[in-house]
Amino acid sequence: MQFPVLHPHRILEGLAYLVGFRLFLVSRRKRGDPLAHRQRWWIVTAAIAGAAAGSKLLFWLGDPLETVRHWNDPIYLMTGKTIVGGILGGTLAVEWTKRRIGVTTRTGDLFALPLCAAIAIGRIGCFLSGLEDRTYGDATSLPWGIDFGDGVFRHPTQLYEIAWLGLLAIWLRGLGRRPHREGDLFRAFMVGYLAFRLAVDFIKPGEALLGMTSIQWACAIALVYYGRDLPWPLGRNTEGALA
């Protein structure tokens, strides 16, 4: 009897969701949950739907010509996704839903550290998938370049991201021990992660528009919004800053 071979990306992606959700529950237990049961499930549903839609949309925009060529290929359209699109789509959906149901409490802090862990675990799957995953970097002559199977040594951008997320998680834990406002940890996560993606994607292949890919443009636009309130994460006085 021949058992089906599980793809490493699927295993690690599933583990990422599991660990991320577990850490969210731990974080919620420690910090407390200000939401009513019904409100919480409206927000969770919005986050899942928004993340799914955003991850697909930004993937399709990543290479519009390729998307047009595969407009009738459901496998192509449904399998590709982007982390940046998922985060931004989920955030927009949650904010819209909170306004609709009258929730004014900031809830993102509960997700900051779980997102760091989940994305890092998922990137291990990306790294093990090699060329198939298309998350590798450009060719490099640096000694840590990795041949993913085509004889070209490339930047292991997946490993760069894992290392960055580890540093970001340490930073967020330190910030969380200081007095801070609701939403500051999530804002710090967004600034830290999106700034990294904006920078690292310059050494990754992709269809560019005016010098940047669609993912980089999405990061840049989001950074303008989240970066407007940086005094607290940088350790400066936050008196009077927007919540």
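The values are calculated or read from the model by the stated rules, or taken from the named source; none is laboratory data. The model shown is predicted, which means the values in this text are computed figures rather than measured ones. A quick note on method: Cβ atoms are made from the backbone with ideal geometry, for glycine too, and the neighbour counts reach across all protein chains shown.
Here region 123-177 is the region considered, the condition is being part of a helix (DSSP H, G or I) and among the hydroxyl-bearing types (Ser, Thr, Tyr), and the residue that is farthest from residue 194 (Cα to Cα) is 129. Would you check if residue 185 is among the hydrophobic types (A, V, I, L, M, F, W, C), crowded, with 20+ Cβ neighbours inside 10 Å and farther than 27 Å from residue 28 by Cβ? Criteria not met by residue 185.
For region 142-185, residues that are of a type in the set (A, V, I, L, M, F, W, C) and touching a residue at least 40 places away in the same chain (Cβ under 8 Å) total 7.
Yes/no per residue for (1) at pLDDT 95 or above; (2) aliphatic (A, V, I, L, M):
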{"position": "159", "(1), (2)": "yes, yes"}
{"position": "163", "(1), (2)": "yes, yes"}
{"position": "169", "(1), (2)": "yes, yes"}
{"position": "179", "(1), (2)": "no, no"}
{"position": "188", "(1), (2)": "no, yes"}
{"position": "198", "(1), (2)": "yes, yes"}
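What about residue 15, is it closer than 23 Å to residue 95 by Cα, at pLDDT 70 or above, of a type in the set (A, V, I, L, M) and in contact with a helix residue (DSSP H, G or I) (Cβ under 6 Å, 6 or more places away or on another chain)? When the stated conditions are applied, residue 15 does not pass them. Being small (Gly, Ala, Ser), modelled with pLDDT under 95 and exposed (fewer than 14 other Cβ atoms within 10 Å of the Cβ) is a description that applies to residue 151. Please go through region 81-110 and pick out each residue that is hydrophobic (A, V, I, L, M, F, W, C), at pLDDT below 90 and out of contact with any Lys or Arg (no Cβ under 7 Å at 6 or more places or on another chain). Passing the criteria: 101, 103.
Each residue in region 202-220 was checked for being part of a helix (DSSP H, G or I) and closer than 16 Å to residue 57 by Cα, and 6 pass. Kindly provide the set of residues from region 81-130 that are acidic (Asp, Glu) and surrounded by fewer than 18 Cβ atoms within 10 Å (Cβ to Cβ), ordered by number. 95 - this is the single residue of region 81-130 that is acidic (Asp, Glu) and surrounded by fewer than 18 Cβ atoms within 10 Å (Cβ to Cβ). Just one of the listed residues (16, 49) is surrounded by 13 or more Cβ atoms within 10 Å (Cβ to Cβ), among the small types (Gly, Ala, Ser) and closer than 25 Å to residue 182 by Cα, and it is 49. Comparison of 83, 101, 124 shows that the only residue that is out of contact with any Leu (no Cβ under 6 Å at 6 or more places or on another chain) and under 23 Å from residue 20 (Cα atoms) is 83.
If you go through region 50-92 and keep only what is out of contact with any Asp or Glu (no Cβ under 8 Å at 6 or more places or on another chain), small (Gly, Ala, Ser) and in a helix (DSSP H, G or I), you end up with 50, 51, 52, 53, 54, 55, 85, 86, 89, 90.
The residues of region 141-184 that are more than 25 Å from the chain's Cα centre (by Cα) and polar (S, T, N, Q) amount to a single one, 141.
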